[in-house]
Amino acid sequence: MQHETLNISSRARFRSVGSEGVVVQVERGEVMVVNGVGLRVLELVKESGSRSAIIQQLSREYATGSANVAQQVDDYIEELYAWGVLEQPETGSGE
Amino acid sequence: MYKSVVANIRTNRLLHEVMLELTFDCNLDCFYCYNDKNANGKPLSLDQYQVLFDDLERMQVLGISLTGGEPMAHPHFFEIGKMARERGFVVRIKSNGHALRAKAVDRIKQEMDPLNIEMSLHGATPETHDRQTRVKGSFERLISNIRYMKSIGLRTSLITTPTAWNWHEFEQMIDLAEELGVRLSMQGPVAPRDNGDNEPLEIQPTDEQWEAVNAIARRRQLGSRNQRETLKAPSAQTALNYSANKVPKNCGSGLDSIVIDPFGEVLTCLHLRWSGGNLHVQDIDTIWNHSPVFGNASDMTERAFAQFGDQQPSLFGAQTFCPAVQINSGCGGCGGKCGGG
């Protein structure tokens, strides 16, 4: 499943530690270590929350094709959902 | 993988964990409490905590522990915890558990979303536990509060310090923790008070009592706190395994964490209370990155751990080792403020 709008879970915390990142899922009490790219994706999720903006930004930063980046970002996003680090954005109540 | 992060943190002296002693006030009166209850100064204001958290977030600090005294005795406990959560810190609370009644616990869960609440267990029976806390009913209250916290899904843990008064109930404490569904770890040895008062050492277990406790701990696979922590960079014994990564062999003091007392003193650790500066005068970034105290603490503790070689570090029979407790117990003077010289 492709998610265009991304949201860090209210139960997740992350910080950079040198070139790596440490992610904590508070509800599960789990600690994960991500590499520099994984950390950068989390920072971009926090900044923009837009999948396409993240792919564009990473393509620029790593000077690589967006199709290649998109596939890797989508795989990683699925992992982040499975870890409980991302959650579905709240939908508006005015339906 | 977390080992590599720990190595990175310690090798590069990245501040990772901050423990806030919010107050030295407490609603219990534990016999062996190490706090100096006569310590005084100008407490940090709520605005100063806000500035501190902003700085620590910028410095990429991950964990904030709220402790005391009893942290809930601070008039702005909830506001401080909420601020920490809003800035993305992993919040942990170290409490005696006495004030953690349903209404307060509900609020903590809602506003702070802590990773863990750690509470002290002094015995497996009201007689023993209450003898150490010197407050009748504290055991029953603690157990009742833990049951409620578990029922609403809060992660809790218990920590116990073996003493001459409770060592005989050590195995029962493990059974009790298992029945509650709460992790129990142990710490120790009993330390002198921060003002140099050695009275707490009167209930240090004897060598034979420590031996009995350690045997039970081994049989029941009970870890010391530092071995069981999930976030705090492992210290003492675990750190000794990091030599391949060229990580200093010490407890982490001066390398990855600090303690801030209620009056803004930025200290190297709970027991090694060397001050790097005061938040009323300087910001945390300046203190952490420019005070020589943290490097001195790291060097001193590395030398202290070196005496054990490849042996298990220990002190007073406990299978844990704290250089500060060793220093403070020897001189009975200043709680380490002299620099151990």
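What follows draws every value from the coordinates through simple rules; no lab data is involved. It should be emphasised that the depicted structure is a prediction, and the values quoted were computed from it without experimental measurement. A quick note on method: Cβ atoms are made from the backbone with ideal geometry, for glycine too, and the neighbour counts reach across all protein chains shown.
Across every direction, the projection of the convex hull enclosing the Cα atoms of chain B has a mean area of 15.8 nm². Taking amide H positions as modeled 1.01 Å from N, with prolines and chain starts lacking one, the residues under 5 Å from residue A:17 and 5 or more places away or on another chain are A:22.
The packing ranking of peptides B:173-180, B:2-9, B:112-119, highest mean first, is B:112-119, B:2-9, B:173-180, where packing means the average number of other beta carbon atoms within 10 angstrom of each residue.
Peptides B:210-218, A:61-69 ranked from most to least packed give B:210-218, A:61-69, packing being the mean of other C-beta atoms within 10 angstrom over each peptide's residues. Counts of other chain beta carbons within 10 angstrom of each beta carbon in peptide A:11-19 average 6. For the residue pairs B:3/B:94; B:94/B:150; B:42/B:109; B:37/B:94; B:42/B:150; B:3/B:37, alpha carbon separations beyond 27 Å are given by B:42/B:109; B:42/B:150; B:3/B:37.
Under 5 Å between amide hydrogens, built in the peptide plane, is the criterion, and for residue B:315 it picks out B:320 among residues at least 5 positions away or on other chains. Seen from residue B:50, the other residues with C-beta closer than 12 Å to its C-beta sum to a net charge of -4, counting Lys and Arg as +1 and Asp and Glu as -1.
Peptide packing: for B:151-157, A:41-47, the average count of neighbouring Cβ atoms within 10 Å per residue gives the ranking A:41-47, B:151-157, highest mean first. Take each residue in B:52-61, count the other chain C-beta atoms within 10 Å of its C-beta, and the mean is 1. Here is how the number arises for the protein assembly as shown: DSSP H runs of 4 or more residues each give -39500 (n - 2.57), the sum is divided by the residue count, and the result at 222 nm is -11500 deg cm²/dmol.
When a/c reaches 1.5 or more, the comparison of a/b and b/c decides; with that in mind, is chain A rounded, prolate or oblate per its Cα gyration tensor? The shape class here is oblate. A cut-off under 11 angstrom between Cβ atoms defines the neighbours of residue A:51, and their net charge, with Lys, Arg +1 and Asp, Glu -1, is -2.
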